[in-house]
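The structure appears below as structure tokens.
The values are calculated or read from the model by the stated rules, or taken from the named source; none is laboratory data. In this text the structure is predicted, and so the values were computed from the model without any measurement. For neighbour counting, all protein chains shown are included, and Cβ atoms are generated from backbone atoms with ideal geometry for every residue, glycine included.
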Amino acid sequence: LAKTTQPISMDSYEGQEVNITCSHNNIATNDYITWYQQFPSQGPRFIIQGYKTKVTNEVASLFIPADRKSSTLSLPRVSLSDTAVYYCLVGDPYSSASKIIFGSGTRLSIRP
Amino acid sequence: DTGVSQNPRHKITKRGQNVTFRCDPISEHNRLYWYRQTLGQGPEFLTYFQNEAQLEKSRLLSDRFSAERPKGSFSTLEIQRTEQGDSAMYLCASSLPQTLVAEKSNEGQFFGPGTRLTVL
């Protein structure tokens with residue numbers, strides 16, 4: 001199982017760019033990197049997924065170096081509503097669901 | 001389609017009672033997942049269906065837990081003889097068939113709001 005390590009918590013301010021890094025040293029060839037966001041009392045929400053290099057969508061960017069042993073979720077110009085827990089997952093979404101582990105996530109707090 | 005729905009949203013029961021939760025996935029999603037989440041932890045995988053077939057079960061899923069998806073649409077999760085340690089949020093998620101992912105770009109799993117179970 002590809003284990004992930006992320007900071008337990010991070011703080012930032014409105015309007016700043018926030019980068020959350022995830023380590024996954026034993027990532028396998030077929031594994032993708034996926035990030036989810038979760039607000040209190042809600043289910044997680046898919047943010048972005050990538051395999052290598054850089055992926056960008058309307059809410060975030062995901063940077064993956066060539067060795068794929070880590071990845072960085074970048075949130076541009078955060079607002080108070082970005083306060084949430086962010087989970088980094090590594091696994092093959094097209095094969096075994098049980099091998100994709102959420103972990104404890106990073107609790108991001110945005111201040112005015 | 002309004003997304004994944006779960007019922008009930010909250011359930012309080014006494015130890016030893018049986019409880020059943022329901023999940024209605026997004027209509028075009030053939031994959032359905034159940035997770036359990038306790039305070040301060042990420043969701044833990046319980047089981048996974050593709051259509052009506054239960055393809056994977058976690059070792060966390062003791063014999064008191066059973067899940068069904070009889071017609072490949074909604075799913076139920078039953079816990080028999082509940083214990084206080086079963087208190088948690090039970091989350092359901094659904095996702096596109098793999099064959100549609102390339103067409104629509106991967107949107108990951110869509111989670112429902114969860115059912116919060118409290119066992120007294």
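Check the stretch A:7-22 and report whether any residue there is among the hydroxyl-bearing types (S, T, Y), within 27 Å of B:G112 (Cα to Cα), at pLDDT 90 or above and exposed (fewer than 12 other Cβ atoms within 10 Å of the Cβ). Within the stretch A:7-22, one or more residues are among the hydroxyl-bearing types (S, T, Y), within 27 Å of B:G112 (Cα to Cα), at pLDDT 90 or above and exposed (fewer than 12 other Cβ atoms within 10 Å of the Cβ).
Taken over the stretch B:50-74, the residue count meeting the criterion of being outside any loop (DSSP other than H, G, I, E, B), away from every other protein chain (no Cβ under 14 Å) and either out of contact with any helix residue (DSSP H, G or I) (no Cβ under 9 Å at 6 or more places or on another chain) or surrounded by fewer than 13 Cβ atoms within 10 Å (Cβ to Cβ) (or both) is 2.
Are any of the residues in the stretch A:40-55 more than 10 Å from chain B (Cβ to nearest Cβ) and charged (D, E, K, R)? Yes, some residue in the stretch A:40-55 is more than 10 Å from chain B (Cβ to nearest Cβ) and charged (D, E, K, R). One residue stands out in the stretch B:33-49 among those that are of a type in the set (S, T, N, Q) and free of Cβ contacts under 8 Å to residues at least 40 places away in the same chain: the one that is nearest to the other protein chains (Cβ to nearest Cβ), namely B:Q41. Taken over the stretch A:58-102, the residue count meeting the criterion of being surrounded by fewer than 19 Cβ atoms within 10 Å (Cβ to Cβ) and in a loop (DSSP other than H, G, I, E, B) is 16.
Among the criteria (1) modelled with pLDDT under 95; (2) hydrophobic (A, V, I, L, M, F, W, C); (3) closer than 30 Å to B:Q54 by Cα; (4) part of a strand (DSSP E or B), the one A:V55 does not fulfil is (3). If the condition is being in a loop (DSSP other than H, G, I, E, B) and under 14 Å from B:F21 (Cα atoms), then the stretch B:75-101 contributes B:Q80, B:T82, B:S87.
Hey, among B:Q6, B:Q41, B:Q37, which residue is surrounded by 13 or more Cβ atoms within 10 Å (Cβ to Cβ), under 16 Å from A:Q42 (Cβ atoms) and touching a Cys at 6+ places or on another chain (Cβ under 7 Å)? Only one candidate passes the filter, namely B:Q6. Every residue in the stretch A:94-112 that is polar (S, T, N, Q) and more than 7 Å from chain B (Cβ to nearest Cβ), please. Result: A:S95, A:T106, A:S109. Quick one: count up the residues across the stretch A:1-22 that are of a type in the set (G, A, S) and under 20 Å from A:D92 (Cβ atoms). Counting residues in the stretch A:1-22 that are of a type in the set (G, A, S) and under 20 Å from A:D92 (Cβ atoms) gives 1. Can you spot a residue in the stretch B:60-76 that is polar (S, T, N, Q), within 19 Å of A:F46 (Cβ to Cβ) and modelled with pLDDT under 95? Scanning the stretch B:60-76 turns up no residue that is polar (S, T, N, Q), within 19 Å of A:F46 (Cβ to Cβ) and modelled with pLDDT under 95. Scanning the stretch A:41-71 for residues that are touching a residue at least 24 places away in the same chain (Cβ under 8 Å) and within 23 Å of B:L91 (Cβ to Cβ) returns A:P44, A:I47, A:I48, A:Q49, A:A60. The residue that is modelled with the lowest pLDDT, among those in the stretch B:95-107 that are within 11 Å of chain A (Cβ to nearest Cβ) and in contact with a Leu (Cβ under 9 Å, 6 or more places away or on another chain), is B:N106.
Would you check if there is a residue in the stretch B:42-59 being of a type in the set (F, W, Y) and at pLDDT 95 or above? So far as the stretch B:42-59 goes, no, none of its residues is of a type in the set (F, W, Y) and at pLDDT 95 or above.
Based on this model, can you work out whether A:S109 counts as in a strand (DSSP E or B), buried (at least 16 other Cβ atoms within 10 Å of the Cβ), modelled with pLDDT of 95 or more and of a type in the set (G, A, S)? For A:S109, the condition - in a strand (DSSP E or B), buried (at least 16 other Cβ atoms within 10 Å of the Cβ), modelled with pLDDT of 95 or more and of a type in the set (G, A, S) - is not met.
Is there a residue being modelled with pLDDT of 90 or more and either within 14 Å of chain B (Cβ to nearest Cβ) or over 15 Å from the mean Cα position of the chain (by Cα) (or both) anywhere in the stretch A:63-72? Looking for residues that are modelled with pLDDT of 90 or more and either within 14 Å of chain B (Cβ to nearest Cβ) or over 15 Å from the mean Cα position of the chain (by Cα) (or both), one finds at least one in the stretch A:63-72, hence yes.
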